[in-house]
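Trainee: The structure is given below, and queries will be raised subsequently.
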Amino acid sequence: MTSNWFDNIYIKAKGDSNQVPWANMTASAYLKDWLNHSHLDQNFSGLKALVVGCGLGDDAEALAQKGFNVTAFDISPTAIDWCKQRFPNSSVNYVVADLFNLNPQWLRNFDFVFEARTIQSLPLTVRSQVMETVAQLVASEGTLLVVTVTRDTPEEPDGPPYPLSLEEIDYFQKLGLQEIRRDAFSEKNRFPKRLRIEYLFQQV
């Protein structure tokens, strides 16, 4: 699965978001719930946030509305152009970037990292590498919020997407992230089980 695969989805959509399977044209309900209920007493103003695989930008905009200084990246140039067209006055810094070749200045640079698409969209052969890269983006005392569909067995699933096993999810803790909270959700669709996990990174 290459960068062209993702970009072609957006190119073929020709501005019709209904042709992009993962585009809901609204921020993730799991992110909005976390922002609106889990941390009502927290002041996000000025904190640096990063959205991994931002798609059409709704999650990034939700974070910006809460006061975060947001960078959002996607491997698809067409998706990033679409974001800029949708939100011409946005404060979000929309960037074309490849998760496997990120700007070194991003490492340990973000107070909040949101990941809800990328890990599960890529094959298991690169899963560890993807998770390692995402973990390295979180600054000391920073938060990583992961939303992902899950599976009950270790066998490789058909995909994409490729739901994560509980053993794979635990890999973030092996990378030095402390799990703060885990919320489970049941859904009536192809992927009935979903987790939202909040991690804290503390520099040793």
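The values are calculated or read from the model by the stated rules, or taken from the named source; none is laboratory data. Computed from a prediction, not measured in an experiment: that's the story for all the values here. Note that we place each Cβ from the backbone using ideal geometry, even for glycine, and neighbour counts take in every protein chain shown. Surface accessibility is based on the protein's heavy atoms, side chains included, excluding ligands, DNA and RNA. Shrake-Rupley method; radii C 1.70, N 1.55, O 1.52, S 1.80 Å.
Trainee: Can you spot a residue in the stretch 30-43 that is within 25 Å of residue 100 (Cα to Cα) and either under 13 Å from the mean Cα position of the chain (by Cα) or open to solvent by 20 Å² or more (accessible area, probe 1.4 Å) (or both)?
Mentor: So far as the stretch 30-43 goes, yes, one or more of its residues are within 25 Å of residue 100 (Cα to Cα) and either under 13 Å from the mean Cα position of the chain (by Cα) or open to solvent by 20 Å² or more (accessible area, probe 1.4 Å) (or both).
Trainee: When the residues of the stretch 1-14 are narrowed to those that are open to solvent by 60 Å² or more (accessible area, probe 1.4 Å) and among the hydrophobic types (A, V, I, L, M, F, W, C), which ends up farthest from residue 87 (Cα to Cα)?
Mentor: Checking each candidate, the answer is 1.
Trainee: What is the number of the single condition among (1) farther than 23 Å from residue 197 by Cα; (2) surrounded by fewer than 20 Cβ atoms within 10 Å (Cβ to Cβ); (3) modelled with pLDDT of 95 or more that residue 17 does not meet?
Mentor: Evaluating residue 17 over (1) farther than 23 Å from residue 197 by Cα; (2) surrounded by fewer than 20 Cβ atoms within 10 Å (Cβ to Cβ); (3) modelled with pLDDT of 95 or more leaves (3) as the failure.
Trainee: Identify, from the list 49, 79, the residue that is at pLDDT 95 or above and closer than 18 Å to residue 146 by Cα.
Mentor: It is 49.
Trainee: Restricting attention to the stretch 74-91, and to residues there that are more than 19 Å from the chain's Cα centre (by Cα) and part of a helix (DSSP H, G or I), which single residue is surrounded by the fewest Cβ atoms within 10 Å (Cβ to Cβ)?
Mentor: Top of the filtered list is 85.
Trainee: Looking only at the stretch 45-70, filter to residues that are touching a residue at least 60 places away in the same chain (Cβ under 8 Å) and in a loop (DSSP other than H, G, I, E, B); which one of those is nearest to the chain's Cα centre (by Cα)?
Mentor: The extreme case among them is 53.
Trainee: Would you mention how many residues in the stretch 20-44 are in a loop (DSSP other than H, G, I, E, B) and either hydroxyl-bearing (Ser, Thr, Tyr) or at pLDDT below 95 (or both)?
Mentor: 14
Trainee: Another one. Please tell me if residue 118 is at pLDDT below 95 and either within 21 Å of residue 44 (Cα to Cα) or hydroxyl-bearing (Ser, Thr, Tyr) (or both).
Mentor: yes
Trainee: Another question, if that's okay. Going by what's in this entry, would residue 111 be described as assigned to a strand (DSSP E or B), open to solvent by 30 Å² or more (accessible area, probe 1.4 Å) and among the acidic types (Asp, Glu)?
Mentor: Yes, satisfied.
Trainee: Please go through the stretch 75-86 and pick out each residue that is without any contact (Cβ under 8 Å) to a residue 40 or more places away in the chain and touching a strand residue (DSSP E or B) at 6+ places or on another chain (Cβ under 7 Å).
Mentor: 80, 83, 84, listed by residue number.
Trainee: Hey, another quick one. Can you list residue pairs whose Cβ atoms sit under 6 Å apart, with the first residue in the stretch 94-109 being of a type in the set (A, V, I, L, M, F, W, C) and the second being crowded, with 18+ Cβ neighbours inside 10 Å? Count only pairs 6 or more apart in sequence or on different chains.
Mentor: 95/73; 96/80; 97/73; 99/133; 106/137
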